[in-house]
Structure formats: structure tokens, C-alpha cells
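Shown next, in C-alpha cells, is the structure this report addresses.
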Amino acid sequence: MLTIDIPLIVAQLITFLIGLFLLWLIAYKPLTAMFQARIDKIRGDLKAADDARLDMEAKKKAYDEQMAALANQSQELLRQATREGVVLREEIVRAAREQSETLIKRAAEVIALEKDKALKELRLEVVDLSLHVTEKVVGRLVDPALQRRVVDKVFAELEDKKKA
């Protein structure tokens, strides 16, 4: 039959409690210390990862600010180069206009000189021709100085009419 043996139960209970106490001393404390160390390591790793993330965000922000500053600087340099190009172009155009005006004035002066020269040569030719014609018509030599004065007077009157 089944009998309850109290001294055996008490002995087993004491043995169980001693075993539990030994297990707590030998296994539980080292296990809890190991688990606590693992928890602390995980917390440290998470904190390090969070710090690294914050550091990366700060660096990214600084990088973005530098890139924006470089973009602004490059835009300003481009605007400055454009302004300098416009100024240079205006100077070149102005210099070219001045040069062309100078050339036109020189050309006009040369043309005027050549015109005067051609008119003087034409007058001389007309005087010589008129002397020859007069000689042929009259049959004798007419005073060339008188004839030149008459021709010069006629040309002077023609020029006065042109100017008026």
C-alpha cells in the first residue's frame, strides 16, 4: 500500500532546498551576472549606434551646408564672370567703334585730300586745254597768266555756288 513516509519527504525537501541553494550559488548568480553583462553590452551597442547615427546626421548636415555654400559660391562666380564678360564685350565693342570712327575720319580726310588734288589737277588740265584751244582759235599765244586768273575765277565762282 501506499504509505506516506514523512521523514523521507522531509529529507527530500531538505535535499531539494540544499540543491536549490547550491544551484542558486553556483548557476543563478553567474547566469544573472552574464545576462546583466549581455544587457549592458546591448545597451552600450545601442547607445554607440545612436551616437554614431547622431554624429552621421551632424556630419551630413555640415556636408549639406558646405555643398550649399559651394553652390552659392559657384553661382556667384558664374554671375561675376558673366558681368565681367559683358563689361569686356562692351569695351571691345566701344574700342571697335572708336577704331572704325577713326578709320572713317581718316578715310574721309584722305578722300578730301585726293578730291582736292584731283580738282587741282583737273584745273591745271582745263587751263592747259583752254590755252591750247585759245591758241588754236585765235592763232596766237594768249597771256597764260591772264588766262589762268580767268579760269581760277570761274572755278572759285563754281565752288561758291556749290557751298551755298
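The values are calculated or read from the model by the stated rules, or taken from the named source; none is laboratory data. Fair warning: this is a prediction, and the values are worked out from it, not measured in the lab. Cβ atoms come from the backbone with ideal geometry, glycine included; neighbour counts cover every protein chain shown.
A few remarks follow.
- Some residue of the stretch 22-29 being hydroxyl-bearing (Ser, Thr, Tyr) and surrounded by 10 or more Cβ atoms within 10 Å (Cβ to Cβ): yes
- So residue 156, is it modelled with pLDDT of 80 or more and part of a helix (DSSP H, G or I): no
- Test for residue 42: is it at pLDDT below 95, part of a helix (DSSP H, G or I) and not acidic (Asp, Glu): no
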